[in-house]
Structure formats: C-alpha cells, structure tokens
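Engineer: Okay, handing you the structure first.
The values are calculated or read from the model by the stated rules, or taken from the named source; none is laboratory data. As the structure is a computational prediction, the values presented were derived from the model and not from experiment. Every residue, glycine among them, receives a Cβ derived from its backbone with ideal geometry; neighbour counts consider all protein chains shown. For the accessible areas, the whole protein counts, side chains as well, though only heavy atoms, and no ligand, DNA or RNA atoms are used. Shrake-Rupley method; radii C 1.70, N 1.55, O 1.52, S 1.80 Å.
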Amino acid sequence: MPSATINPTRQELNRLKNRLRTSIRGHKLLKDKRDELMKQFMDVVRENRALRRRVEEGLMRAHGSFTVAAALMSPEMLEQSLLYPKQSVELDMTFQNVMSVDVPQYQFKTRSEDPGEIYPYGFAATSGELDDAVAALAQVFQDMLRLAEIEKTSQLLAEEIEKTRRRVNALEYVKIPEMEANIKYISMKLDENERSNTIRLMKVKDLILKEAIEEKRLQDEAALENFG
C-alpha cells in the first residue's frame, strides 16, 4: 500500500527508483552475509560439540583420579601438596573479525616450559593417582580455554545471524514491497496526469479549431453580402 504522505512527482519517482535499486543490492548482500554466517556458525557448533565431549571426558578422568588420591591420602597431606603451585599461566586475548563480528581468541603461556613444573609437590609422600589427576587437568586446560572461545564465538555469531535475518526480512517483506507500491502509485498518477493534460490540450485544440471555422464562416458570409 502506498504511503499516504507520498508526493507523486517525477523527482520523487526517480528518488524511489534509486532507493529501490540500492535496497535490492543491500538485500542480496545481507542474504549472502546471513548464509555465510550460518555456515561459520555450523562449523563452530560442530567443533564445540567435539570439544565439549573431550573436555568432559578429561574432567571425568581428573575427577576419578583425584577421588582415588583423596581416598589414599590424608586430607591434610592432600591440601598441603596442592597449597603452593609452582607453575603459573599468562592469558592474552585478541579479536578476530568474522563477517563483521569480533570474536575472541585466547592464547596462554606458562611461566616455565618444563612439564614437571605442573607438580607442586614431591613424589615420595603423594599418591600416583594425584599425579594422574594433575596431569589430566593440565592436558584438559587448553581444551577448556578453546571451548570457552568457541562458545563465546557461537553466541556472538548467533546474535549477528538474528540481526542480519531481521534486516533481510525487513527489506524483503516491508521496505522493498513498500517502495515498489509507491513507485507503482506515482507512475499511475503521472500517467493519469499526462492523460488529463493530453485530453485538455485536445479540447483546447478543438475549441480553437471551432473558433477558427466559425470565424472563417463569418468572413465568408460577410464577403458574400458585400459581393451581392
């Protein structure tokens, strides 16, 4: 339905046609962006599913080993063994642009590259199961970090997909049809005005022609009277 406030002029018609061409191009670009975002999102979801399974399995192994260690060691010895960690980790966060979405990327670096530094205790007074628990946690740490990165990425991509989908639908079902209706309305009005002008011109032409004929008739009659 055309807008009630639209001005049916040729200038407005040209403006609307330009806007329509721009909107159609924008609609195609947004659809392409939405499709690519969906592809990226599905890749992230698949990786997220695999990572979550691996993290859960690693945490279950660590928990099982820690439970056995807690059963074999006294609570005081267990607490004292883990009280002062030897290894430390530095975490950096950067951003990567994925289809105009800034997604986080985490990088971590340990203070020491010696793998033995993950054990903050001596091996003589502790259970081997505690060693297994600490090693399992060290192995799963990087996967946990990647999982956090992937889950945040999937959340941001889902939000951008929803925003892009709303824009595509607004153009496809509201803006473009409205502009097409306005263009059709203005074109009809301009055609109607042009037909009205043509009819008026024809009427004026007929009137002038009739006046000319009438004037010629009067001139002929006057000439005949003079001749007679």
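Engineer: Of all residues in region 118-134, which are more than 17 Å from His63 (Cβ to Cβ), surrounded by fewer than 17 Cβ atoms within 10 Å (Cβ to Cβ) and in contact with a Phe, Trp or Tyr (Cβ under 9 Å, 6 or more places away or on another chain)?
Structural biologist: Pro120
Engineer: Right, another one. Out of the residues in region 89-118 that are among the hydroxyl-bearing types (Ser, Thr, Tyr) and out of contact with any Asp or Glu (no Cβ under 6 Å at 6 or more places or on another chain), state the one that is nearest to Ala148 (Cα to Cα).
Structural biologist: Thr94
Engineer: Of the numbered conditions (1) part of a helix (DSSP H, G or I); (2) open to solvent by less than 50 Å² (accessible area, probe 1.4 Å); (3) under 20 Å from Gln139 (Cβ atoms), Arg54 fails exactly one; give the number of that condition.
Structural biologist: (2)
Engineer: Output yes when any residue across region 143-166 is in a loop (DSSP other than H, G, I, E, B) and not aromatic (Phe, Trp, Tyr), and no when none is.
Structural biologist: No, that holds for no residue.
Engineer: Among the listed residues Leu207, Leu137, which satisfies the condition of being assigned to a helix (DSSP H, G or I) and surrounded by fewer than 17 Cβ atoms within 10 Å (Cβ to Cβ)?
Structural biologist: Leu207
Engineer: Scan region 160-179 and give yes if some residue there is in contact with a Pro (Cβ under 7 Å, 6 or more places away or on another chain) and in contact (Cβ under 8 Å) with a residue 12 or more places away in the chain, otherwise no.
Structural biologist: No, every residue in region 160-179 fails to be in contact with a Pro (Cβ under 7 Å, 6 or more places away or on another chain) and in contact (Cβ under 8 Å) with a residue 12 or more places away in the chain.
Engineer: Name, by its number, the condition in (1) at pLDDT 95 or above; (2) open to solvent by less than 30 Å² (accessible area, probe 1.4 Å) that does not hold for Asn169.
Structural biologist: Condition (2) is where Asn169 drops out.
Engineer: Considering only residues that are in a helix (DSSP H, G or I) and open to solvent by less than 70 Å² (accessible area, probe 1.4 Å), look in region 1-30 and name the one that is nearest to Lys152 (Cα to Cα).
Structural biologist: Here the residue is Leu30.
Engineer: If I ask for residues that are open to solvent by 60 Å² or more (accessible area, probe 1.4 Å) and touching a helix residue (DSSP H, G or I) at 6+ places or on another chain (Cβ under 8 Å), which ones from region 172-204 would you list?
Structural biologist: Glu172, Lys175, Glu180
Engineer: Which of the residues belonging to region 30-55 are in contact (Cβ under 8 Å) with a residue 12 or more places away in the chain and basic (Lys, Arg)?
Structural biologist: Lys31, Lys33, Arg34, Arg52, Arg54
Engineer: Within region 81-98, can you find the residues that are open to solvent by 70 Å² or more (accessible area, probe 1.4 Å) and within 20 Å of Ala158 (Cα to Cα)?
Structural biologist: Answer for region 81-98, where residues must be open to solvent by 70 Å² or more (accessible area, probe 1.4 Å) and within 20 Å of Ala158 (Cα to Cα): Phe95, Gln96, Asn97.
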